[in-house]
Amino acid sequence: MAHPLYVWLRKRIRLDIFNITCGDSHLGQLLKDLLRQYKYIVGFIIALNCIAALFEGSTMGALLLALDVLLGEKTGPAQDSLRIVQSFLVTIEERFGRGGIFAFYVGLAVLSQLLRSGFQFFGRAATAYLQAWCERDLRSRVFRQFFSIRYDHVVKYKIGDMALYTHQTNGMVNYLGYLNSLVSDFLILVTYICVLLWISWPITLLAVVTLGLLSLGLSRVIRVVRTAATEFVKATVRMNEQIVEYLQGIRTVRAFAQEEHVQGLVDETLREAMLANRKSLVWEATILPLVECLTVLCVAGLLVLCYVLLDVNGEAWLPRLAVYVFVVYRLMPRAGTINSNLAALKRLYPTVSRVAAILRQDNKPYMRDGGRDIRSLQDGIEFRNVTFRYDGTATPAVRDLSFFIPRGTMTAIVGESGAGKSTVLDLILRLYDPTAGVILADGIPLPEYDQKAWRNLIGMVNQDIHIFNASIHQNIAFRRPDADREEVERAARIANAHEFILELPNGYDTVVGERGMRLSGGQRQRIAIARAVLHDAPILILDEATSELDSNIERKIQESIARLSLDRTIIAVAHRLSTISMADQILVLESGRLVEQGTHSELLGLNGIYAGLWRIQSQSEEKVRK
Ligand code: ATP
């Protein structure tokens, strides 16, 4: 069994030093990954830091020897050094006298210091390179993570939170910077301690123990910094989520005159974030002055100690004492910086553990990717006893669905709101996998296919159309960025969008979306249809694709799509039944179950739910016409 002292020490060291880097095993793993990825530059930085520390030590040694010479003590390390150094020093003394030796040591100290600064600069420059690379990589990894995690899981993250994750990667970059300073300061500290041990080991041991105790005392302050920083990060997450949510809903907020209320909510979260941030920064700010005060006390204590213990040799100890105090004076701010770097690491800890947490893969669901290639649909899509329940809901959104969608036909899905129509489409897209049952394409379960290859077969126009902040041309060519203007125009004509696009200030080059021109609902739908037409996928999913268009344009688009789609498999969801009456088969859903199936005339003949819906819609359309 390990000795209790060993266990105590291990625990302390783990808490106070390694906990900063590896206390959270996932953060430790992430750091290890980064170190492995950039092992050469990390090795280079450590080597530069070591060399800089050695030169710092040689500066101190040279100063000590220079002072020795000044006081006529000796000509440096002549007695116990290498013969070559000895004969070199003798030659200098013979040619230039003691002044020459003194000048040599001072020159050596200056040169060592210049070299130290040079190596320190290169170390910092290499660290800056490392930080820039890490920032790029981490942002990219976080971004990729959101596109890899299973869809039902990723939609649970709020947009503001996701944006914050990508932004917080720079916390990780600062973290690496502080870690580097910590290592370089630690190396220099070790060098100083070696020099001090060389001058007087009993006093130095005493000083090291005092320093250690002071650091333990400071670790309490550092712990407060970390707690406050965790509160700050939590408040920042809330604040970001709120701000993004209210900005996205700016139209609704204004329409309902809720500006003051929303401002109040955001201000409250801002206040919480400010209080936590202030607390962590104030506590962090106490560390350096505290260490500086302790420095003065330590130096005073050491002077007294030196006077009491070392006065035995009188003047001979003066240069050593001078160098000793000089080294201690240089050492103490380093110890201060180490402590304030530890505090900064603690402050950043909640931020970087969030980055490490989002990059964790073992606790997140991913879609199984079978890797099987698929270039076209040969036979059709089959639902076999498919049931699907959303996470956290009690009842399934669709249950025990079995039907077949033959290739090259049009299948319409109808039903009341909430019946499960969009869920069926999402299952075909493989945004979700069924809770029970299986969906097959050409007789093979969807999870066996390569996800990307399967989705490449599908073109989609849905209710939630996203127009990117880019030109009309780029928006239409989203799935085929290589498409030329002629192809884009052809797709726009089929989608009945060409005329309105030509009326825009810069035609196809007009920037639309968030920062550009705003488009009407119907115009957005036509851009989305053109996008799907250009993609020219063998399976076309239309989820309320023409709901925002007037009947005249809707009819024209339907004719164009019908012309396009001789060999295309179309799956359409529509509330206006007149738009899908020509479908090869119509599936009627009710509370997630398939209750009727057939062509328009077959379903009218059944005189069931579909016939009822059809009658209601025909009557209301008749009334509108009258
Ligand atoms: P609509 O015509 O109004 O678009 P729909 O027929 O397309 O409706 P779905 O959107 O498929 O219906 O929803 C089916 C059921 O699943 C509904 O009860 C809905 O509340 C539920 N549902 C949909 N999306 C989610 C989700 N992300 N999490 C939990 N439940 C959901």
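Bear in mind these aren't lab numbers, they're just calculated from the coordinates by the rules spelled out. Since the structure is predicted, the reported quantities are computational estimates derived from the model, not experimental observations. Positions of Cβ are generated from backbone atoms using ideal geometry, with glycine treated the same way; all protein chains shown enter the neighbour counts.
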(request) Kindly identify the range 357-454 as rounded, prolate or oblate by the Cα gyration tensor criterion: order the square roots of the eigenvalues as a ≥ b ≥ c, call it rounded if a/c is under 1.5, otherwise compare a/b with b/c, prolate if a/b is larger, else oblate. (result) oblate
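Two decimals, Cα atoms only, Kirkwood Rh: what is Rg/Rh over the range 402-547?
Across the range 402-547, the Cα-based Rg/Rh ratio is 1.01.
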(request) Calculate the translational D of the range 137-193 in whole µm² s⁻¹ from Stokes-Einstein, where the hydrodynamic radius comes from the Kirkwood formula applied to all Cα pairs, the temperature is 25 °C and the viscosity 0.890 mPa s. (result) 180
(message) So if the hydrodynamic radius of the range 339-395 is defined as the Kirkwood radius over C-alpha pairs, what does Stokes-Einstein give as its diffusion coefficient at 20 °C and 1.002 mPa s, in µm² per second?
(response) 125
(request) Output ³J(HN,Hα) for the range 238-248: one whole-Hz value per residue in order, computed from phi by the Karplus curve 6.51 cos²θ - 1.76 cosθ + 1.60 with θ = phi - 60°, and x for Gly and Pro. (result) 4, 4, 4, 4, 4, 4, 5, 5, 6, 5, 5
(request) With the Cα gyration tensor of the range 379-436 in hand, give its eigenvalues times 5 under a square root as the equivalent ellipsoid semi-axes, listed largest first in whole angstrom. (result) 20, 13, 10
(request) Putting +1 on Lys and Arg Cβ atoms and -1 on Asp and Glu Cβ atoms, find which of Met172, Ile159, Ile199 reaches farthest to the positive end of the dipole of the range 108-219. (result) Ile159
(request) Would you give the gap between the C-alpha center of the range 485-535 and the C-alpha center of the range 169-233, rounded to a whole Å? (result) 61
(request) Would you mind checking which residues have amide H under 5 Å from Thr387's amide H? H placed 1.01 Å from N; only 5 or more apart, or other chain. (result) Asp400, Leu401, Thr435, Ala436, Gly437
(request) Quick one: what are the phi-derived ³J(HN,Hα) couplings along the range 164-180, Karplus 6.51/-1.76/1.60 with θ = phi - 60°, whole Hz, x for glycine and proline? (result) 5, 4, 5, 6, 6, 4, 6, x, 5, 5, 4, 4, 5, x, 5, 4, 5
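When a/c reaches 1.5 or more, the comparison of a/b and b/c decides; with that in mind, is the range 416-464 rounded, prolate or oblate per its Cα gyration tensor?
Oblate.
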